[in-house]
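Following: one structure in structure tokens, then a few remarks.
A short reminder: the numbers here are calculations on the coordinates, not readings from a lab. Values in this document were obtained by computation on a predicted structure and should not be read as measured data. With ideal geometry, Cβ positions are generated from the backbone for all residues, glycine too; neighbour counts draw on all protein chains shown.
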Amino acid sequence: MAVAQYDVTTEQDTMTFEFVSVGERGAIKKRVQYTATDVPNVFNLGFGDVLALNDEIDDEAISNNGDSQKVLATVAATALIFTEHYPNALIYAVGTTPVRTRLYRMGIANNIEEIRKNFIVYGLQNGLWNIFKPNHNYEAFLVQRIQ
């Protein structure tokens, strides 16, 4: 993606990534977690602020740190690293709210030409997976690395 990104750290299995968002509200630790689902080769993309209290992801946090494009670009960059290690993986992503899912849609649409260099993006609409098209509402997304 053409937007600046944060530096990430990752575990050896490249399924967990962390970075620090720096903005209007200070430094906020973020985590991206890829988790296997019951469907073979489909991994859920979990993302959110890391809670200091228990080191868990809060995927409902609203940081308002003024760097949402940089944060989304960083999350997208983790997908590239993840699929380098798991090339047959499909990444399932959905927001915790319809507003967040819309934010993800807008981020994908704004960067679709760059994304399509490495990925095929599908959108879930009325129970069917279709190739992602900007300006369409989707309930979830599925991303597949081009091999």
Could you grab me the full set of residues in the range 115-142 that are touching a residue at least 40 places away in the same chain (Cβ under 8 Å) and either touching a helix residue (DSSP H, G or I) at 6+ places or on another chain (Cβ under 9 Å) or among the polar types (S, T, N, Q) (or both)? ILE115, PHE119, GLU139, ALA140, PHE141
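Looking only at the range 103-129, how many residues end up being in a strand (DSSP E or B) and closer than 20 Å to ALA89 by Cβ?
Narrowing the range 103-129 to residues in a strand (DSSP E or B): 119-125, 128-129.
Then drop every residue that is not closer than 20 Å to ALA89 by Cβ, which leaves 119-124, 129.
Count: 7.
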Is there a residue in the range 95-111 that is under 16 Å from ARG145 (Cα atoms) and of a type in the set (A, V, I, L, M)? yes
Members of the range 23-66 that are acidic (Asp, Glu) and either farther than 28 Å from HIS85 by Cβ or in contact (Cβ under 8 Å) with a residue 12 or more places away in the chain (or both): GLU24, ASP49, ASP59, GLU60
